[in-house]
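One structure is given below, encoded as structure tokens.
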Amino acid sequence: MGKNMISLEDLKSISYFNGASDEDFSKILRYMEKVYYKKGQIIYYENEKSEYVYFILKGSVSLFIGINDDKTYNLCSLNQGDAFGVGEMFFDNYYVNSSVKEDSIIIRINKYNFHNHFFKIDFFNKLIIQDLANIVKMSVLNNKYYLGLNKVLMALKHYIKTSQLNYGKYHLDKSITIESIANILNMTREHVSRIFSELRRIGIIEKKQHQIIVNEKELNSNLFYEDFLDKIKF
């Protein structure tokens, strides 16, 4: 990881700052630095002390959380122009992990300068408030989706107990349908149907002649537990 000073043109090239004036940039330029990362490097770990906000000048970054000792879950991939670590500037620690997906150049500003200089400029203040509002919105929507997803997966886990395993696949009784699962879980048919579409896409279930078929390996590797759901925060 190397460090370097940045230019006004560097800041102007970051789409996150679209709409900022040269005067706005001139007030924060001295407080920011350019950092070079190699593919695979960790930028920060979950629960590590939050020290910087980051803006991607070139390359891409993955945000992910740990589910257990040997498994992680990718929350999102960020690309040139995106920002991350913003929400954590209002907390003591980072609540996700971040790693570099390819050789990248990233601009960062430390927490002190973020609060005492960056955040006090009207344009950037409004930008951050809007960003935090989007974080809250994403968190609510994702919690709602993943809670429903986990309930459906747990229902499928229950149903396979009374189904016969054949070459790694469970053929559920034909009486088990999207409608019946929705009724048992007190969810709408539309919500369960959307979840089933996603489960088909990632290979957990198949449907043949109106019968649900569950792939054992994919189900077990994608089952989300309560401690995982609690971590879905952006």
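The values are calculated or read from the model by the stated rules, or taken from the named source; none is laboratory data. These numbers were taken from a predicted model, which means no experiment stands behind them. Don't worry about glycine lacking a Cβ; one is built from the backbone with ideal geometry, like all the others, and counts go over all protein chains shown.
Is there a residue being part of a strand (DSSP E or B), under 16 Å from F25 (Cα atoms) and in contact (Cβ under 8 Å) with a residue 40 or more places away in the chain anywhere in segment 89-108? For segment 89-108, residues part of a strand (DSSP E or B), under 16 Å from F25 (Cα atoms) and in contact (Cβ under 8 Å) with a residue 40 or more places away in the chain: present. Restricting segment 17-40 to residues that are hydroxyl-bearing (S, T, Y) and either closer than 17 Å to K120 by Cα or loosely packed, with under 13 Cβ neighbours inside 10 Å (or both), which is farthest from the chain's Cα centre (by Cα)? Top of the filtered list is S26.
For segment 68-78, a residue qualifies if it is within 13 Å of the chain's Cα centre (by Cα) and over 17 Å from V35 (Cβ atoms), and the qualifying residues are T72, Y73, N74, L75, C76, S77.
Applying the criterion of at least 3 residues that are farther than 13 Å from D82 by Cα and in contact with a strand residue (DSSP E or B) (Cβ under 9 Å, 6 or more places away or on another chain) to the strands (runs of 3 or more DSSP E) found wholly in segment 1-70 leaves 2-4, 32-37, 42-44, 60-68. Restricting attention to segment 42-67, the residues that are more than 18 Å from the chain's Cα centre (by Cα) and of a type outside the set (A, V, I, L, M) total 4. Out of all the residues in segment 35-51, is one or more closer than 16 Å to F119 by Cβ and at pLDDT 95 or above? Among the residues of segment 35-51, at least one is closer than 16 Å to F119 by Cβ and at pLDDT 95 or above, which makes the answer yes.
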